[in-house]
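Only the coordinates and a few stated rules stand behind these numbers; no lab work does. Predicted model, so just to flag it, every value in this text is computed and none were measured. Note that each Cβ is placed from the backbone with ideal geometry, even for glycine, and that neighbours are counted across all protein chains shown.
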Amino acid sequence: MALRKTATRRDTLKSGALGAVALMLAPRLAQADAAAVEAEIKKLYAGKTLGAGKIKLDVPQIAENGLVVPINVEIESPMTPADFVKAVHVWADGNPSPGILSYAFTPECGKASASARMRLAQTQNIVCVAEMSDGKLFTASTQVKVTIGGCGG
Amino acid sequence: MSNKPTPRVRVPATAKKDEIIEIKTLISHEMESGQRKGADGNIIPRKIIHTFTASFNGKKFFEATWHPAISANPYQSFFYKAKESGEFTFAWTDDDKSVYESKAKLTVS
C-alpha cells in the first residue's frame, strides 16, 4: 500500500512538471494577433470599406472548453439572385493562425446562416466579414472568454 | 485517425415548395491541426478536412472552407430552399486528397 502511494505521488509530480513545461511553451505557440487578422482582411479586400450591421455573430461569451466552441453566423439578406450574401469569412486574433472558416453561399440557400464548432487557444476576438453580391462588405467582431484553451497538447 | 471518417447527415425527407430546410452534417475526423507535438516531441503533421461542399442535383449551393481552428469531428449546419425533388450530395475533402461523400434524397410536395 505504502509503495503504491509513493508511486502515485511521483506520477503526480511528473505530470505537474510536464504541465509547467507546456505552460512555458504556450506563449511561443500563439502567433496570430489583431494585426494578422487585419492582414488577412487586406489580402482579400484591400482598400475597401467595411460597414457595420447585417451580421449576427452568435458565439458564447464564455467558453469553458476551447476545443469545442459553437459559432453561428447569420447575415441579414433576402437571398434572391439579385441580392444575396456571397461569402463569409471568420478569423480569430489569438489562435496560432488567424483563419477559422469561410463560407460561400448562393441564393439557393434561402437563408445566409450556418453553424460550426471551432477551437480557441485563449480568450480572444472573433472577427467576421461578409461580402454581399453587390460587393458591399460588412464586419462584426465579438470577444470570447476561454477558460481552457484548445490548442497545443 | 485509423478509422475511415463516417459522415452523418440529417436532412428532412420531405419539404413543401419554397420551404427553407435546415441541413445538419457531422463527420468523424480528428482534424489534426499540425500544431500539436506527439510523445516523441515531433510535431504531428497537419491532416484536416479543408473543404466541405453541398450540392443538389449536381449543382453546388454551399461551400465551407475549414482551417485548423475547426474542432475535431466537424459539425456544419446550413440551409436550403426546397424547389424540386432530388438528391443532395455532400462531400468532404481531406488534406490527403481523399473525398468522403454522403447522399440524401428530398421529396418536394
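What tally of residues in the range B:37-55 results from selecting those that are in a strand (DSSP E or B), surrounded by fewer than 21 Cβ atoms within 10 Å (Cβ to Cβ) and in contact (Cβ under 8 Å) with a residue 12 or more places away in the chain? Counting residues in the range B:37-55 that are in a strand (DSSP E or B), surrounded by fewer than 21 Cβ atoms within 10 Å (Cβ to Cβ) and in contact (Cβ under 8 Å) with a residue 12 or more places away in the chain gives 5. Of the set (1) over 10 Å from the mean Cα position of the chain (by Cα); (2) within 20 Å of B:H50 (Cα to Cα); (3) at the interface with chain B (Cβ under 10 Å from one of its Cβ atoms), all apply to A:K86 but (3). Of the residues making up the range B:14-30, those that are more than 11 Å from every other protein chain (Cβ to nearest Cβ) and closer than 19 Å to B:W92 by Cβ are B:I27, B:S28, B:H29, B:E30. For the range A:41-68, a residue qualifies if it is part of a helix (DSSP H, G or I) and surrounded by 11 or more Cβ atoms within 10 Å (Cβ to Cβ), and the qualifying residues are A:I41, A:K42, A:L44, A:Y45.
B:P68 passes every criterion in (1) in contact with a strand residue (DSSP E or B) (Cβ under 7 Å, 6 or more places away or on another chain); (2) within 10 Å of chain A (Cβ to nearest Cβ); (3) of a type outside the set (S, T, Y); (4) at negative phi apart from (1). Taking the options B:K4, B:K59, name whichever one is surrounded by fewer than 18 Cβ atoms within 10 Å (Cβ to Cβ), closer than 25 Å to B:G86 by Cα and charged (D, E, K, R). Unique residue meeting the criteria: B:K59.
Within this structure, B:A104 passes the test of being of a type in the set (A, V, I, L, M) and away from every other protein chain (no Cβ under 14 Å). Identify all residues within the range A:90-100 that are within 7 Å of another protein chain (Cβ to nearest Cβ), crowded, with 23+ Cβ neighbours inside 10 Å and closer than 30 Å to B:K59 by Cα; write none if there are none. Within the range A:90-100, just A:I100 meets the criteria. The conditions of being under 11 Å from A:N65 (Cα atoms) and out of contact with any His (no Cβ under 6 Å at 6 or more places or on another chain) are not met by A:A140. Is one or more of the residues making up the range A:106-125 more than 9 Å from chain B (Cβ to nearest Cβ) and either in contact with a helix residue (DSSP H, G or I) (Cβ under 8 Å, 6 or more places away or on another chain) or hydrophobic (A, V, I, L, M, F, W, C) (or both)? Yes, the range A:106-125 contains a residue that is more than 9 Å from chain B (Cβ to nearest Cβ) and either in contact with a helix residue (DSSP H, G or I) (Cβ under 8 Å, 6 or more places away or on another chain) or hydrophobic (A, V, I, L, M, F, W, C) (or both).
Residues of the range B:67-109 that are in a strand (DSSP E or B), touching a residue at least 40 places away in the same chain (Cβ under 8 Å) and out of contact with any Asp or Glu (no Cβ under 9 Å at 6 or more places or on another chain): B:Y75, B:Q76, B:F88, B:T93, B:D94, B:E101, B:S102, B:T107. Here is the figure for the range B:37-58: residues that are over 21 Å from B:K97 (Cα atoms) and either within 15 Å of the chain's Cα centre (by Cα) or not aliphatic (A, V, I, L, M) (or both) total 7.
Selection within the range B:73-96: residues that are more than 13 Å from the chain's Cα centre (by Cα) and among the hydrophobic types (A, V, I, L, M, F, W, C). The member of this set that is farthest from A:V73 (Cα to Cα) is B:A82.
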